[in-house]
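The structure under discussion appears below in the form of structure tokens.
The values are calculated or read from the model by the stated rules, or taken from the named source; none is laboratory data. Because the structure is a prediction, the values reported are computed rather than measured. Here the Cβ positions follow ideal geometry from the backbone for every residue, glycine too, while neighbour counts run over all protein chains shown.
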Amino acid sequence: MKRGLFITFEGTEGAGKSTHIRLLAERLRQLGRTVRELREPGGTPLGEEIRHLLKHHPAGRGMTPETELLLMNASRAQLVREVIRPALDAGEVVLCDRFFDSTVAYQGDGRGLDLKLVESVIAAAVGETRPDLTLLLHVPLSVSESRRLSRQKSQSAPADRFEESDRAFFERVERGFQAIATTEPKRVLVIEASRDIESIAADIWSHVEPLFKNGHAGE
Ligand code: TMP
């Protein structure tokens, strides 16, 4: 059996990653593919607990950037071994809402941690398990900001440590993502995500479809 296909979606908050993961998953399932939809941090029972600590738990208020880096990658180490590797070995398509590029952009560029340290912690978490393709959904900062603020205002949304960060933080994160796309143009494709949903989905499909024709993804 051939190895499956590992696609990650990246971008700042409010870029529409979850919508496009859902649409791509539906399309692939209609073609008979087995698709795994995952998110980071999280995606396993242990990872979801870590996610709660990272985003919502009051004890996370004074979290240091180093702790944040390690917790993100603790969740990731579990997800890679418990879910992603077995799924890829079984020939599945794995779609993941964020992966290690978010760590480089948020903990590296956003929090200002040394990029060599960030890379070495990521390497311990993922080993050889790296995405075949990364779709970086880009929206202008003003769009991402207004979506973030309207989410914060909604009564049902719990307080989120990341969403409360200031504009300068998100500017650094955005620059971090753009730098990754420039450094790794083969793996990371920038998708302009401030267009209508159908155009974005068609753009994404035009990049994903050839991977199946090139014998990448197993059956
Ligand atoms: P989200 O699932 O709603 O995007 O929330 C996840 C948050 O965690 C988001 O603000 C980005 C952040 N994050 C990091 O800072 N580093 C990481 O490695 C990952 C995966 C997410």
Is it fair to say ARG76 is surrounded by fewer than 16 Cβ atoms within 10 Å (Cβ to Cβ), of a type in the set (Lys, Arg) and either at pLDDT below 95 or within 10 Å of the ligand (Cβ to nearest atom) (or both)? no
Within the range 128-146, the residues that are surrounded by 17 or more Cβ atoms within 10 Å (Cβ to Cβ) and over 10 Å from THR12 (Cα atoms) are THR129, PRO131, ASP132, LEU133, THR134, LEU135
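Restricting the search to the range 34-65, which residues are part of a helix (DSSP H, G or I) and either touching a Phe, Trp or Tyr at 6+ places or on another chain (Cβ under 8 Å) or within 13 Å of the ligand (Cβ to nearest atom) (or both)? Spell out how you get there, then give the answer.
Pass one, the range 34-65, residues part of a helix (DSSP H, G or I): 45-55, 58-60, 65.
Selection gives GLY47, GLU48, ILE50, ARG51, HIS52, LEU53, LEU54, LYS55, GLY60, PRO65.
With the requirement that a residue be assigned to a loop (DSSP other than H, G, I, E, B) and surrounded by fewer than 17 Cβ atoms within 10 Å (Cβ to Cβ), what does the range 175-211 give you? Talk me through it step by step, then tell me what you get.
Within the range 175-211, the subset assigned to a loop (DSSP other than H, G, I, E, B) is 184-187, 193-196.
Correct list: GLU184, PRO185, LYS186, ARG187, SER194, ARG195, ASP196.
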What are the residues in the range 107-125 that are farther than 18 Å from THR182 by Cβ and of a type outside the set (S, T, N, Q), if any? ARG111, GLY112, LEU113, ASP114, LYS116, LEU117, VAL121, ILE122, ALA123, ALA124, ALA125
Take LEU31 and decide whether it is out of contact with any strand residue (DSSP E or B) (no Cβ under 8 Å at 6 or more places or on another chain) and either within 13 Å of the ligand (Cβ to nearest atom) or closer than 25 Å to HIS138 by Cβ (or both). no
Those residues of the range 79-94 that are crowded, with 18+ Cβ neighbours inside 10 Å and either in a loop (DSSP other than H, G, I, E, B) or modelled with pLDDT under 95 (or both) come to a total of 1
Residue count for the range 33-59, restricted to those that are modelled with pLDDT of 95 or more and either in contact with a His (Cβ under 8 Å, 6 or more places away or on another chain) or aliphatic (A, V, I, L, M) (or both): 6
